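The values are calculated or read from the model by the stated rules, or taken from the named source; none is laboratory data. Given the structure is predicted, the values throughout are model-derived calculations rather than measurements. Ideal geometry is used to build each Cβ from the backbone, glycine not excepted, and the neighbour counts take in all protein chains shown. Accessible surface is based on the protein model in full, side chains and every heavy atom, while ligands, DNA and RNA are left aside. Shrake-Rupley method; radii C 1.70, N 1.55, O 1.52, S 1.80 Å.
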Amino acid sequence: MKKNHMVIAIIGAAALLGITGCSPSDTESGAISDPVVVSEEPPQMEPSPQPETDKPETIEISEQKTDTPDPADFKEGVSLDMTEYVQSFFTEEMAEAIQHNMEAIVQNDDEAFKQGMSEDYVEPNLSVKSYIHPDGGAVEFEDVHFITYLKDRNRIQIFVSYLLKTDEELTRGSFEYSLIPVKGEEDHWVIATMD
């Protein structure tokens, strides 16, 4: 009977040691596991501040239209004046370059289209122009939606929309001009990509 009590006591002690997480090696060396501290409040983490120079500046102008355009309202040409949007980072020289480029697209004039454009981007942009104004089509630039200065990339983006009229069908399209500074002339910007 004493053996049964002793076996039960040993089993109970082993179970107690297993539940409390102590092992014979811990108790023999005198080391006790570190207690877990539970806090009511999570540790305070402050976000790292973003440098002001990385934040883009945006001039928001209009919402992009989603309605079906009315062919009766179509007026071939440029129905906006880019100089109205000159402020802070978007200069009059930039506005005039974009205005001139839109007029060249409307007139389907490749030589005028290339003016004010980086030589590195002329060929790809001529493909974009051919898409915007195919032979036999007519174009009306109707809106500028926003102008954004991406300081970290040293690039200005101008998002515009246009109407394309072909064979009495009228469709709305849009693309984005990107301006970059001329190397060595940080105050002189030219058209880079048209996407």
With a cut-off of at most 16 other beta carbons within 10 Å, and DSSP calling the residue loop, which GluC sites (Glu not before Pro) in region 46-139 qualify? Please list them. Glu63, Glu76
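Of the heavy-atom accessible surface of region 66-119 (probe 1.4 angstrom), what whole percent is carbon and sulfur?
Values: 1250 of 3080 Å².
Ligands and nucleic acids excluded, carbon and sulfur give 41 percent.
Please work out how much length the chain gains when fully extended from Glu84 to Val122, using 0.36 nm per residue of separation minus the C-alpha to C-alpha distance, in nm with one decimal. Mind showing how you got there, number by number?
Numbers: separation 38, 0.36 × 38 = 13.68 nm, distance 2.67 nm.
Full-extension gain reported as 11.0 nm.
Answer rounded, prolate or oblate for region 72-123, using the Cα gyration tensor with square roots of eigenvalues a ≥ b ≥ c: rounded when a/c is under 1.5, else prolate when a/b is larger than b/c, else oblate. If you can, show how the numbers build up before the last one.
Working: a/c = 2.99, a/b = 1.03, b/c = 2.89.
It comes out oblate by the Cα gyration axes.
Pairs Lys55/Lys75; Lys65/Lys129; Lys129/Lys151; Lys75/Lys114: which are spaced more than 30 Å apart, C-alpha to C-alpha?
As for pairs spanning more than 30 Å Cα to Cα, those are Lys55/Lys75.
If you keep only loop residues by DSSP, which GluC sites (Glu not before Pro) in region 127-195 have at most 15 other Cβ atoms within 10 Å of their Cβ?
Numbers: sites: Glu140, Glu142, Glu168, Glu169, Glu176, Glu185, Glu186; in loops: Glu168.
Sparse-neighbourhood loop GluC sites (Glu not before Pro): Glu168.
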How large is the direction-averaged shadow of the alpha-carbon convex hull of region 58-195, in nm²? 8.2 nm²
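Using 1/(1 + (r/R0)^6) with R0 = 25 angstrom and r between the beta carbons of Glu185 and Ser62, what's the FRET efficiency to the nearest 0.05? Present the calculation step by step, with values, prior to reporting the outcome.
Numbers: r = 32 Å, r/R0 = 1.26.
With a Förster radius of 25 Å, E is 0.20.
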